[in-house]
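Peer 1: Structure incoming, see below.
The values are calculated or read from the model by the stated rules, or taken from the named source; none is laboratory data. Since we're looking at a predicted model, the values are computed, not measured. Cβ placement follows ideal geometry from the backbone for every residue including glycine, while neighbour counts extend to all protein chains displayed.
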Amino acid sequence: MTAKKKTPNFTEAFKELEQITEWFDSEENLDLDKGLKQFERGLELAGALKKKLSEVENKVEEIKKKFDA
Amino acid sequence: MQQLVLSVANYLNLVNDTLKTVPSKDLMIEGEVSDFRIAQQKWVSFDLKDEKEQAVLKCFMTTWQLKVQIENGMRVQVKGYPKIYERFGTFKMNVQEVMPVGEGALQRAYQLLKKKLEQEGLFDMSRKRALKRFPERIGLITSRDAAAFGDFVRILNNRWGGVSVDHAHVHVQGRMAVKEIVEAFEYFNSLNDNERPDVLVLTRGGGGLEDLHAFNDESVARAIYASQIPVVCAVGHERDESLGDFVADVRASTPSNAAELIVPSRTDVAYELETMSRHMEERLRESIDRRGHIVQRATNLVSFVLDRQKERFRFVYDKLTLTTSDWIPQIRIELEGLGRVLRQVDPQRVLARGYSIVSVDGTVVTDASTLEVGQDIAVQFGAGSLEAEVKRLNGKGQQQLV
């Protein structure tokens with residue numbers, strides 16, 4: 001199945017981004033070095049997620065199995 | 001040919017036996033209730049009538065067999081066994097089951113089933129599951145011909161993308177509906193993890209109780225209850241309700257609403273991403289600013305200390321210059337005064353006026369009586385000096401020769 005390969009999972013990426021955003025809030029005095037790294041990662045995630053948002057198509061497939069059997 | 005003679009009782013037994021050959025189990029007799037009465041809170045009797053053909057069937061049953069409320073004028077279907085009661089010679093239907101028919105009657109049946117399922121806990125809020133915020137696979141159970149199908153997919157596409165929708169085509173009304181819907185639930189739940197949808201949607205357009213019968217069916221309700229995958233149920237218009245709605249984890253008011261509840265909107269999520277990015281940036285900037293601020297403060301502090309020192313120095317310097325400029329002329333005046341005094345007592349000046357100083361061995365003589373006649377003395381004048389010998393002292397000694 002291509003399910004695994006299919007781009008980074010939106011839910012996971014979003015969750016990671018949320019965690020990073022929370023990290024920025026939880027630190028009273030940000031470690032600047034770590035802050036920059038986190039920021040970079042956050043922007044990367046936000047960018048990937050935004051890109052996913054531009055996916056327009058949903059794939060609708062009718063299941064071949066007959067349910068009137 | 002010998003005629004068979006029977007007693008009345010035996011005859012009626014024979015007739016009753018014959019009546020048992022009527023396929024009662026498979027028959028429902030439909031008519032309108034009249035002359036409904038309950039005797040001694042135990043015996044129920046009513047007439048079942050055809051309005052047009054003036055046919056009457058007398059019905060008899062007990063109150064505990066009567067599970068639904070019926071009343072005169074209500075259309076019902078009854079199931080039971082016909083019998084002639086020997087004592088009164090009357091033909092009656094021994095009723096086992098009464099089923100109301102028509103909208104009002106169905107409503108009644110619906111309420112009863114709802115109560116039963118509710119008591120069993122199928123509607124408990126505590127067992128409702130939350131939906132995944134970003135589902136990737138949706139199991140859609142509805143008819144491909146229903147408007148609900150189109151509505152759901154359209155709103156889904158409007159809001160979100162990249163989702164796989166596995167559509168199980170089932171009838172949503174008619175006699176096949178219940179069986180197909182139940183099988184669709186079983187199918188989705190039988191899939192292994194990577195093929196299994198994140199959420200199931202059971203939906204159809206609105207309709208009367210008769211149209212919605214499948215969504216009010218007990219086995220469909222139980223299939224929803226048993227589903228390991230969270231279920232969203234959406235029937236028709238806002239005001240329509242079905243038992244499926246109550247059992248489902250999430251109840252949507254319409255098929256479009258179901259799509260809204262299942263996927264987020266791009267706009268909302270884009271805004272959220274924007275907000276998070278901005279927030280991170282702000283926090284980072286704040287942190288940098290705070291550090292800059294600390295440096296600034298330190299600089300300020302140092303220059304403040306320097307200023308203070310400078311100020312102090314200036315103050316001391318000013319005070320110094322002020323006092324020196326004050327006391328130097330003063331000293332000059334004082335010195336000049338002293339100089340004058342000193343100059344006035346300078347012995348040289350006194351001698352210059354004609355005085356002389358007499359000394360013996362360098363000691364100034366101020367009292368003549370310390371001297372002796374014949375002693376050598378030194379006399380100093382304003383200009384020059386001499387040495388002499390004391391000849392006469394205070395009138396004593398060698399007479400001056402005149």
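Peer 1: Does B:V101 fit the bill of being over 34 Å from the mean Cα position of the chain (by Cα), at pLDDT below 90 and among the aliphatic types (A, V, I, L, M)?
Peer 2: Spelling it out, B:V101 is indeed over 34 Å from the mean Cα position of the chain (by Cα), at pLDDT below 90 and among the aliphatic types (A, V, I, L, M).
Peer 1: Sticking with this structure for a sec: May I ask you to verify whether B:R127 is of a type in the set (K, R) and surrounded by 14 or more Cβ atoms within 10 Å (Cβ to Cβ)?
Peer 2: For B:R127, the condition - of a type in the set (K, R) and surrounded by 14 or more Cβ atoms within 10 Å (Cβ to Cβ) - is not met.
Peer 1: What do you reckon, is B:K42 basic (K, R) and under 19 Å from B:V101 (Cα atoms)?
Peer 2: Here the answer is no, as B:K42 does not meet what is asked.
Peer 1: Answer with yes or no whether B:S303 is of a type in the set (G, A, S), within 60 Å of the chain's Cα centre (by Cα) and over 30 Å from B:K391 (Cα atoms).
Peer 2: Taking the combined requirement at face value, the residue satisfies it.
One line per residue, one yes/no per condition, for (1) surrounded by 10 or more Cβ atoms within 10 Å (Cβ to Cβ); (2) assigned to a strand (DSSP E or B):
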residue: B:V350; (1), (2): yes, no
residue: B:T366; (1), (2): no, no
residue: B:S369; (1), (2): no, no
residue: B:G374; (1), (2): yes, no
residue: B:V379; (1), (2): yes, yes
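Peer 1: Then there is this: When the residues of region B:154-213 are filtered to those that are small (G, A, S) and within 11 Å of another protein chain (Cβ to nearest Cβ), which remaining residue is surrounded by the fewest Cβ atoms within 10 Å (Cβ to Cβ)?
Peer 2: So the residue we want is B:S190.
Peer 1: Could you tell me which of the residues B:R283, B:R291 is crowded, with 18+ Cβ neighbours inside 10 Å, without any contact (Cβ under 8 Å) to a residue 12 or more places away in the chain, part of a helix (DSSP H, G or I) and of a type in the set (K, R)?
Peer 2: Result of the check over B:R283, B:R291: B:R283.
Peer 1: Inspect region A:32-42 for any residue being exposed (fewer than 11 other Cβ atoms within 10 Å of the Cβ), under 30 Å from B:Q173 (Cβ atoms) and more than 8 Å from chain B (Cβ to nearest Cβ) and give the result as yes or no.
Peer 2: no
Peer 1: May I pose another question? Under 6 Å between Cβ atoms, at least 6 apart or on separate chains: pull out the pairs that start in region B:249-261 with a residue that is closer than 18 Å to B:R129 by Cβ and end on any residue that is among the β-branched types (V, I, T).
Peer 2: B:D249/B:V231; B:V250/B:V232; B:A252/B:V232; B:A258/B:V201; B:A258/B:T203; B:A258/B:V232; B:L261/B:V250
Peer 1: For region A:54-69: of the residues being under 25 Å from the mean Cα position of the chain (by Cα), at the interface with another protein chain (Cβ under 7 Å from one of its Cβ atoms) and assigned to a loop (DSSP other than H, G, I, E, B), which is modelled with the lowest pLDDT?
Peer 2: Of everything passing the filter in region A:54-69, A:V56 is modelled with the lowest pLDDT.
Peer 1: Go through (1) facing chain B (nearest Cβ under 10 Å); (2) surrounded by fewer than 14 Cβ atoms within 10 Å (Cβ to Cβ); (3) farther than 14 Å from B:E281 by Cβ for A:G47 and report which single condition fails.
Peer 2: (3)
Peer 1: Considering region B:289-318 alone, what residues qualify as being among the basic types (K, R) and over 26 Å from A:N29 (Cβ atoms)?
Peer 2: Once the filter is applied, which keeps residues that are among the basic types (K, R) and over 26 Å from A:N29 (Cβ atoms), region B:289-318 yields B:R308, B:K310, B:R312, B:R314.
Peer 1: What residue, of B:R266, B:R291, is over 30 Å from A:S54 (Cβ atoms), out of contact with any Phe, Trp or Tyr (no Cβ under 6 Å at 6 or more places or on another chain), among the basic types (K, R) and facing chain A (nearest Cβ under 9 Å)?
Peer 2: B:R291
Peer 1: Identify the residue in region B:83-100 that is of a type in the set (A, V, I, L, M, F, W, C) and either surrounded by 15 or more Cβ atoms within 10 Å (Cβ to Cβ) or touching a His at 6+ places or on another chain (Cβ under 9 Å) (or both) and, among all such residues, is nearest to B:Q228 (Cα to Cα).
Peer 2: Among those residues, the one meeting the criterion is B:M99.
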